Amino acid sequence: MKATDAEVDIVRLLKTGGGDHISGQMISLELGISRTAVWKHIGVLRKAGYSIEGSPKKGYRLLPFPVPFNGIEVRSGLKRGIIGRNLFFFPTLDSTNTKASRLAAGGADEGTVVIADGQSDGKGRLGRKWHSPPGVNLYTSIILKPDIPPQQAQTLTLMAAVAVAEAVEAYSPVRPTVKWPNDILIESKKAAGILTEMNSETDRVNFVVLGIGVNLNMNLPDELLHTATSIKEKTGREVSRAEFAQRLFSSIEKWYKVFLAEGFEPVSSVWRTYFDREGKHINVRGSREVEGICMGIDSQGSLLVRLGSGQVERVISGELA
């Protein structure tokens, strides 16, 4: 389901009422639509989970509860920018990345967002599955179309990591860390992951899909307790998924604009403040094993490792142990 502009604008208007009624005529004038159209959109909003009181004399009033998790609610709290301007919400998908890739291949605009309440085949890095139960977490993918060569696409993963870490930090009792190249950790346990998929030609990027999964309110299964966590597990409090999504998309909007205007350097400077392995002994597993002292990252987002011989090796991909 795509969140329509009219329904998003009606929710925004009703929220400005502070619990008071807003007349149908005022909504009609503000949106430039008929009173009948307003009534129809109100019906759609009620079906979407909003509790809206209607009075023939007073108009409409939005009750504070329940607050649904859907595309309308997420968009209603976003500033008018690129990220989330077009937003598709689904109760369930196989994978938000798969859906976003199809939309991008069909000509979807940059900044288009896909959200699913649950995923049946959520994608993780290196072919792993991302555990995606409904009703608890955020599973989302974002279409970007940067004018960069394909070899620079990995820097977008690190840009997204900064944005996700910043959003998680607003809720976490301790500052999160990033694990190169795509994980966000709270006290050494995975709280969020990023999967970047690219469609490109030899010299240009057609589109990039940033897939992001964040463990917000889930109770982790026993097999994940030693390696993963959720924000609720760390705080003991439920996180509003819509509010978190708004914060995340706003953070991505900010850092993507920095990336386009100033390049990767200012992004990498902030990324390093979340990275706690520089100067430490690390082991990277990939096509082969690389072991040594972590020297940080280079201008392409690759990991730099000083081997026992003193040589510094550039690691493009792999799994940081």
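Descriptive notes on the structure:
- Here SER240, SER268, SER251 are screened, and the one residue that is crowded, with 19+ Cβ neighbours inside 10 Å, within 17 Å of the chain's Cα centre (by Cα), modelled with pLDDT of 95 or more and not charged (D, E, K, R) is SER251.
- Selected residue (only one of ASP117, ASP121, ASP109 is of a type in the set (Asp, Glu) and farther than 28 Å from LYS15 by Cβ): ASP121
- Residues being out of contact with any Asp or Glu (no Cβ under 8 Å at 6 or more places or on another chain), touching a residue at least 40 places away in the same chain (Cβ under 8 Å) and not assigned by TED's automatic domain parsing to the domain that holds PRO150 are entirely absent from the range 242-262.
- Filtering GLY107, GLY111, GLY81 for residues that are assigned to a loop (DSSP other than H, G, I, E, B) and more than 17 Å from the chain's Cα centre (by Cα) leaves a single hit, GLY107.
- Scanning the range 159-192 for residues that are small (Gly, Ala, Ser) and free of Cβ contacts under 8 Å to residues at least 12 places away in the same chain turns up just one, SER188.
- Test: residue in the range 126-133 that is closer than 13 Å to PHE207 by Cβ, outside the structural domain of GLY296 (by TED's automatic domain parsing) and either of a type in the set (A, V, I, L, M) or at pLDDT 95 or above (or both): no
- In the range 1-14, the residues that are farther than 14 Å from GLY49 by Cβ reach residues that are surrounded by 14 or more Cβ atoms within 10 Å (Cβ to Cβ) and among the aromatic types (Phe, Trp, Tyr) with C-beta atoms within less than 6 angstrom, at least six apart or across chains, in these pairs: LYS2/PHE88.
- Restricting attention to the range 139-176, the residues that are over 17 Å from the mean Cα position of the chain (by Cα) and under 21 Å from LYS234 (Cα atoms) total 3.
- Count - residues of the range 285-321 that are exposed (fewer than 13 other Cβ atoms within 10 Å of the Cβ), part of a strand (DSSP E or B) and either polar (S, T, N, Q) or under 26 Å from the mean Cα position of the chain (by Cα) (or both): 0
- GLN152 meets the conditions (1) within 25 Å of ASN217 (Cα to Cα); (2) in contact (Cβ under 8 Å) with a residue 12 or more places away in the chain in every case but one. The failed one is (1).
The values are calculated or read from the model by the stated rules, or taken from the named source; none is laboratory data. This one's a predicted model, so the numbers in the text were calculated from it and none came from an experiment. Note that each Cβ is placed from the backbone with ideal geometry, even for glycine, and that neighbours are counted across all protein chains shown.
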